[in-house]
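Right, one structure below, let's go through it.
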Amino acid sequence: MSYVLCLHRWVGRQALYDEYELPAGRVIRAICTPESLGSLPAARLASSSTLASLDDADAVMAEAGRVIAQYGVPERVVALNEGDLLNAAAIRERWAIHGDAPAWVERFRDKLSMLAVANRQTAIAVLPAVAADDAQGVRQLLQRHGYPLVLKPRFGTASRGVRILRQAQDLALLQDAQPEPMMVQVFCAAPILHVDGWWDGEQVVVLTASRYVNSCADFGPDSPLGSIELAEGDDERRIASRVAELLAAFAPGREIVFHLELFADGDTLRFLEIGARVGGAEIPFLWREVRDIDLVGIAWELQTEASSRYREQARSRSRDGRPLHGERGAWVIGRRASTPDAGLGTLYWSQPQELQRSASGVYEGAKTRLRLRSFDRQALERDVESIFAQLSHAWSLQA
């Protein structure tokens, strides 16, 4: 029986595999982790194999080879989490399977490749960057822009491994042995936006723009991370129009779901990064629960070509690039477990504090996870501010 090979690392229900359509007569075979096995659809799952980590590309490729030797070449390879996109592309290339190739995926995973594509448009500014092992390029960045600079992994996720170079002695970090390719970029201290949605190859069908309360790089043991969707208005429309020009450079004639991050530097938008995948943390849940649009379902359709149901649903629930439903969403996550006080009128879901589970992702592994919704954005701002204050107080008592 023909099958879809799925690389799966989520512990939760970001992907509703038991509801997504499959090509007729097909089943799912999965490569997952021991922790993520439980969130796969038992009724549709023909087989599964577990690896300690899907970050080990050699192990994933070897396991894919074993599955293919036993069951034949799959009809499709599906990867819905950012960390699995390159491995899925490598499997497709090795066995000549239809779908996104490594060169296409790298423009959304290799941050230097991203910048090269982003420089093909002018609606959104691009901060200069060079490979960390390009000594001359780093010197030129310093001569033109000075300190601080940012050192970060080219293929990193969730701001893992990001360091700020503030003075000359910090350049010693460039000489340290690095486990992965690194880059150096001009620093920007402006607030960060994330823009999420679906591009159909010609236009943005639907998107939302949100502002991080702090930044992903600040997320740590004593610092939560939060996001609030922007209010409807001119600022939101300005962002949407510029994002459309950027997406035309990245994916002309090709459909993608996307998670884009931008610096909001006054009237100037500066490119940070883009992923051809659904955003992390609580983003996929807010889209389903607040807007009744499943971006993960759209990503599944794009990779399997099994149906267009979720795309048709998204079109019917949006107009001029925005969801028809006017309610706004927000979320807060924290690495430590904490229960906010009552009286938060916009809070509609919180992760049970007694829940014990392991997750490979930084954000999915957060001990505190909160989702909020309201037609009143000011109420969202007040409640998120209150949550941050409560978490800061609770964690200071735990120190």
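The values are calculated or read from the model by the stated rules, or taken from the named source; none is laboratory data. Computed from a predicted model, the values in this text were never measured in an experiment. Quick reminder, even Gly has a Cβ in these numbers, built from the backbone with ideal geometry, and neighbours come from all protein chains shown.
P41 fulfils the conditions (1) of a type outside the set (V, I, T); (2) loosely packed, with under 13 Cβ neighbours inside 10 Å; (3) part of a loop (DSSP other than H, G, I, E, B) except for a single criterion, (2). S241 meets each of the listed conditions (1) at pLDDT below 95; (2) not in a helix (DSSP H, G or I) apart from (2). Applying the criterion of being modelled with pLDDT under 90 and not in a loop (DSSP other than H, G, I, E, B) to the residues of segment 189-226, the residue that is surrounded by the most Cβ atoms within 10 Å (Cβ to Cβ) is C216. R309 satisfies every condition listed in (1) charged (D, E, K, R); (2) surrounded by fewer than 18 Cβ atoms within 10 Å (Cβ to Cβ); (3) over 30 Å from S2 (Cβ atoms) except (3).
Considering (1) out of contact with any Asp or Glu (no Cβ under 7 Å at 6 or more places or on another chain); (2) modelled with pLDDT under 90, the lone condition that F155 does not fulfil carries the number (1).
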